[in-house]
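Input: a single structure, listed below in structure tokens.
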Amino acid sequence: MAADPPPPLPEETRSVVALELLSAVLADADASGVSDDFFSRLAEGVCRLAGMDRAIIFRWDETRHRAHAAGAHGVPLEPFAGHHVTVETAPVARLALEEDRVIEMPAEAEHGISPEFADLAAGRPLTYVPIVAAGRWIGVMLVDPGPGAAPLEPERRELLWTLGKTLALAAVSRTATGQRQRARALEERIDMARELHEQVAQRLFGVSLALSADGALEGEAKERCAQEVQAALAELRGMLARPLGRVPRPTSSTLAEELRRLEALHAGDGIAFDGDVGDVPPAVEPLAQSVLAEAVRNARKHADPRRIVVRARTSPTAFVLEVENDGVTGRRPTSSGVGLRLAALEALSADGLLEFGPGRPGTWFIRLAVPTDGDGEAPA
């Protein structure tokens, strides 16, 4: 049964309601520290405020360079996992974005949507709400007023448009937060390099000067050199206790889902995936998915793979992920690229180890090992 439409709101009230929705969801996300259902809570708020039965938010993922279902209310997200969404496969969504207006489609209308999402529009009216900020396309929200619902009145349509702007603001604010976090991480690495130069290197330089002087070190000079070396070692231990690399972004998907996505993505390249990943400790999921994605990128960049084998296993002491690809020629460089080095730093930050190199003739392997506790869970 369709939800009863809310009473019309004056323009000032619509703006206040939209801002209250944004502030409530942002405050809830900050308080809980969990961001996986951020857009689902936004979708729920939109349905509550606009009197809609269902809503699903499609958002552009800058990390994976694809549009994906970021959140939903009244609609399960699982059927949309692994499917690619573009403006070409959703012409009505493209029109809503280009004209920055809410477009209402009746139940019998032809949406021209891709087959994977046909069930979403089958026999139900849908309203396309653009999520646009300063001309930048953030995504599209599809809302369903329910079967037998009357056409949208102007006030309700304007409310949906305002809520779309609110969602754009929320998405941009989260992106800005991520950029600030990456900037802080870079600043920390620069500070670490500066401290390494100003403290450890200077101490060792002084010791080297003393050791290069004529004659043997005795008494106070010998003791001073020993103290400087011990101080330099202490400073190095302190620096190595810091995170050595970027931290993988939290993820709501699993390694198995990521493997299926990559398999579908590269099916047209003639690459066959083979393997079984099983259950992965939740704390290791972001790192394992990051390493898998980098392994596939590395294989396509430096080889001509036709088969990529992925294996994962969890024991009481460690989680191990192995990726092997064929198609390696003699032209492949022996040194690693930047991507694998960054992945190795990610592994070190999790007390793990990433190994890579030539395997059997014509193959290249990558092996990630992360310690776990006695229950098979990764340590915090």
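Since every read-out is calculated from the coordinates, none of them should be taken as a lab result. The model shown is predicted, which means the values in this text are computed figures rather than measured ones. In this analysis, Cβ positions are derived from the backbone assuming ideal geometry, glycine residues included, and neighbour counts consider all displayed protein chains.
How far apart, in nanometres, would the label points at ASP191 and SER349 be if each is projected 7 angstrom from Cα along the Cα-to-Cβ direction?
Taking the simple label geometry, ASP191 and SER349 are separated by 1.5 nm.
Sticking with the crude label model, points 7 Å out along Cα→Cβ, report the distance from ARG360 to LEU236 in nm, one decimal please.
My value for the distance between the label points is 4.0 nm.
In nm, what is the difference between 0.36 nm times the number of residues separating ALA107 and SER208 and their Cα-Cα distance?
Computed gain between ALA107 and SER208 is 28.3 nm.
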